[in-house]
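Asks: Quick one: structure below, then a few questions.
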Amino acid sequence: MKFLGLNDFQFKDQRVLLRLDLNAPIKDGKVSNDERLVRSLPTINHILKNEGRLIVISHLGRPKENGEFQPDFSLFPVVKRLEHLLSRPINLITDINNIPSIERGEMIVLENVRFLEGEKSNDPGLSKKLANIADIFVMDAFATSHRAHSSTAGVIEFSEKACAGFLLEEEVSALSKLTLENKDKSLAVLGGAKISTKLNLINSLCDKMDTVILGGGIANTCLLAQGFSVGRSLVEDSMLKEALELSKKSNVIVPRTVVTAKMQEHEGSIKHIDQIEEDESIFDIAPDSFKELQDLFDAASTILWNGPMGLFEESAFAGGTNQVAKMIVSSKGFSVAGGGDTISAASKAGVLNELDYVSTAGGAFLEFIEGRKLPSLEALELKLAK
Ligand code: 3PG
């Protein structure tokens, strides 16, 4: 996958529209995790250092797309955090029709693009309007690249000059190592609550990777499908047929020992999967569930990690996730984590900085790994071809 990049353009004096994914969690009016902001800084700094006139756009959450300002979805907390990270004052502009002039090497941020009518339907009128704001469009919102919206794929199509930012390039290059290269000795560790939302991903990984290890609610459903009694564990009854098919694949591994309890407030006990009582639930895999796989982890060339192995938010049920996290980072293989709760789980397990690559994306990460075409990446590829 090849795109034009930041180094293909001169930014001096140019108006630059930069699409970032600044969709960060907000708590009590403040950004509670600034990872996506921090990871966007290299692109912002490059454009400012090269004397571009920078206009940043992003979405935040899922507001009503009615052209109205909605305070709960304002980028104001994000701008405050960016001001701190960049040590400069930044204007937040609410009216896309009244964008002020910007000095060289200065930046402004436009309010949440999802307030704009036509954003999510990728309205050509809005896409053209966005394209006309600037001389160069830079797409660095990898985490939103799976959305065919006006501020992502649409604007690329109508911009005379468009390229990828550093973060998008970095994400594509790291994730491609998992999907395209090093198929030998590749390992996927997949957890999370629902098999239904990840079935396509799991099936595609079964084809692409040597070994696929399952945990969490996904594994519970597989165990039930295999005929084990799982008591009151979180399962998806509607997915038993698919779960059985999956469990039959020769490269799929499900745990044989788990941590159960009658209620999640209770202490857990380690049990073999044929000893689970009617009134119990599985809340974690047993920490040494996959101990015999240590050699497999050690020898792995690439490891993909998505989703916790259990209810990691409760310390009584974090042991399985923590152990698997340690096995992943102790491997010399190239390890990549991403999607949903994985970053919180990795952070809680204390391994976040030891992983080789941590994706900033959720849904886009899963779709990329699954091998689906992401509209914004396709649009960038087309720009290069033209
Ligand atoms: C994400 O958090 O995964 C991205 O910002 C995309 O958000 P969305 O699912 O609301 O499109």
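The values are calculated or read from the model by the stated rules, or taken from the named source; none is laboratory data. These numbers come from a predicted model, not from an experiment. Neighbour counts run over all protein chains shown; Cβ positions are idealised from the backbone, glycine included. When the accessible area is computed, the model is the full protein with side chains, heavy atoms only, and any ligands, DNA or RNA have been set aside. Shrake-Rupley method; radii C 1.70, N 1.55, O 1.52, S 1.80 Å.
Asks: What pairs come out if I take residues in region 270-281 that are over 16 Å from VAL254 (Cα atoms) and pair them with residues that are in a loop (DSSP other than H, G, I, E, B) and open to solvent by 70 Å² or more (accessible area, probe 1.4 Å) whose C-beta lies under 6 Å away, six or more apart or interchain?
Replies: ASP279/LYS262; GLU280/LYS262; SER281/ARG232
Asks: Criterion first (farther than 19 Å from MET209 by Cα, surrounded by 24 or more Cβ atoms within 10 Å (Cβ to Cβ) and within 16 Å of the ligand (Cβ to nearest atom)) does ALA364 satisfy it?
Replies: Here the answer is yes, as ALA364 does meet what is asked.
Asks: In region 323-336, which residues are under 30 Å from MET263 (Cα atoms) and within 20 Å of the chain's Cα centre (by Cα)?
Replies: VAL324, ALA325, ILE328
Asks: Ok, one more. Scanning for something more than 16 Å from the ligand (Cβ to nearest atom), buried (at least 19 other Cβ atoms within 10 Å of the Cβ) and assigned by TED's automatic domain parsing to the domain that holds LYS120, does region 310-322 turn up at least one residue?
Replies: no
Asks: For the condition within 16 Å of the ligand (Cβ to nearest atom), open to solvent by less than 10 Å² (accessible area, probe 1.4 Å) and of a type outside the set (Phe, Trp, Tyr), what is the one hit in LEU374, LEU304, LEU380?
Replies: LEU374
Asks: Looking at THR179, is it among the polar types (S, T, N, Q) and either surrounded by fewer than 16 Cβ atoms within 10 Å (Cβ to Cβ) or more than 15 Å from the ligand (Cβ to nearest atom) (or both)?
Replies: When the stated conditions are applied, THR179 passes them.
Asks: Okay, moving on. Under 8 Å between Cβ atoms, which residue pairs at least 6 apart in sequence (or on different chains) link something in region 121-147 that is part of a helix (DSSP H, G or I) and among the basic types (Lys, Arg) with a partner that is within 16 Å of the ligand (Cβ to nearest atom) and at pLDDT 95 or above?
Replies: Close Cβ pairs (under 8 Å, with a partner that is within 16 Å of the ligand (Cβ to nearest atom) and at pLDDT 95 or above) do not exist here.
Asks: Ok, one more. Can you tell me which residues in region 9-48 are open to solvent by 50 Å² or more (accessible area, probe 1.4 Å), closer than 22 Å to THR360 by Cβ and away from the ligand (no atom under 16 Å from the Cβ)?
Replies: Result: LYS30, PRO42, ASN45.
Asks: Output the residue which, of all residues in region 234-290 that are of a type in the set (Val, Ile, Thr) and closer than 18 Å to ALA316 by Cα, is most open to solvent (accessible area, probe 1.4 Å).
Replies: Per the stated criteria, the residue is ILE270.
Asks: Kindly evaluate GLU265 against the criterion of being at pLDDT below 90 and more than 30 Å from ARG19 (Cα to Cα).
Replies: Here the answer is yes, as GLU265 does meet what is asked.
Asks: So which residues in region 119-163 are in contact with an Asp or Glu (Cβ under 7 Å, 6 or more places away or on another chain) and more than 16 Å from the ligand (Cβ to nearest atom)?
Replies: LEU126, SER127, LYS161, CYS163
Asks: Cβ contacts < 9 Å: first residue part of a loop (DSSP other than H, G, I, E, B), restricted to region 340-364; second residue open to solvent by less than 20 Å² (accessible area, probe 1.4 Å) and among the charged types (D, E, K, R), any location; separation 6+ or different chain. Result?
Replies: Taking only residues 6 or more apart or on different chains, the pairs are SER359/GLU171; THR360/ASP21; THR360/GLU171; ALA361/ASP21; ALA361/GLU171.
Asks: Could you count how many residues in region 236-292 are assigned to a helix (DSSP H, G or I) and over 30 Å from ASP184 (Cβ atoms)?
Replies: Matching residues across region 236-292 total 5.
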